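Here's the structure, in structure tokens; my notes come after.
Values in this text are rule-based calculations from the coordinates and carry no lab data. A quick note: this is a predicted structure, and the numbers were derived from the prediction, not measured. Reconstructed Cβ throughout: ideal geometry from the backbone, glycine too, with neighbour counts over all protein chains shown.
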Ligand code: HEC
């Protein structure tokens, strides 16, 4: 009798563990509308690097919803803990067909056009094509502006342990985000 309940208990525990892994494997969080956050206003000429990185971290964990999918190891999206170095590896892959030439550009490209290069094993198939489950950060629900996008990149450079080379006012030539292009035309 005792042995039977032990076997039953072991099988039950195994079942629970298996169900948990199945859940983690199949669960892809959905973006849900959140109340529009208060827009932070900066004088970008005055903002320090520390403030810029901290702003990026707030966007990453808050408005940008990045943590929803990028949870570190084991999530349904790649870990971004060392994305700067991962980016350099991606660029060296023969399968890489995007336009980025540097790690920073790769990170920007991943945010602006996630579909241009889909990390192996993380795509989903739609009508026979592999597409990225990640929405553009400029799209509907997340809707980051160029300053917020650069701040996220600054935060990802810092968390990768490299120099923060992206600046609040930097417009990357040939890599401009839609809104930047308009600012460019008007500004100069
Ligand atoms: C709905 C889930 C989801 C959200 C939200 C999301 N991502 Fe992603 N992201 C993914 C998936 C899945 C991939 C891998 C597929 C691909 O390459 O597009 C990915 C890929 C990336 C990559 C390339 C990673 C690599 O290893 O090459 C970067 C950089 C990135 N995301 C940044 C972000 C940032 C920054 C945010 C927030 C502004 C964000 N993501 C929000 C799901 C998400």
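Computed log10 I(q)/I(0) for segment 47-187 at 0.10, 0.16, 0.20, 0.21 Å⁻¹: -0.32, -0.85, -1.38, -1.52, from the Debye equation with unit scatterers placed on every C-alpha and solvent omitted. Here the simple spin-label model places points 7 Å from the Cα toward Cβ, and for residue 9 and residue 81 these points are separated by 3.5 nm. Put in line by how crowded their Cβ is, counting other Cβ atoms within 10 Å and starting with the fewest, 104, 125, 94 read 94, 125, 104. Among 117, 20, 106, 122, a tally of other beta-carbon atoms within 10 Å of each Cβ gives an order, fewest to most, of 20, 122, 117, 106. In segment 84-158, Cα pairs under 8 Å separated by at least six residues give a relative contact order of 24 percent. Going from the fewest other Cβ atoms within 10 Å to the most, the residues 9, 84 appear in the order 9, 84.
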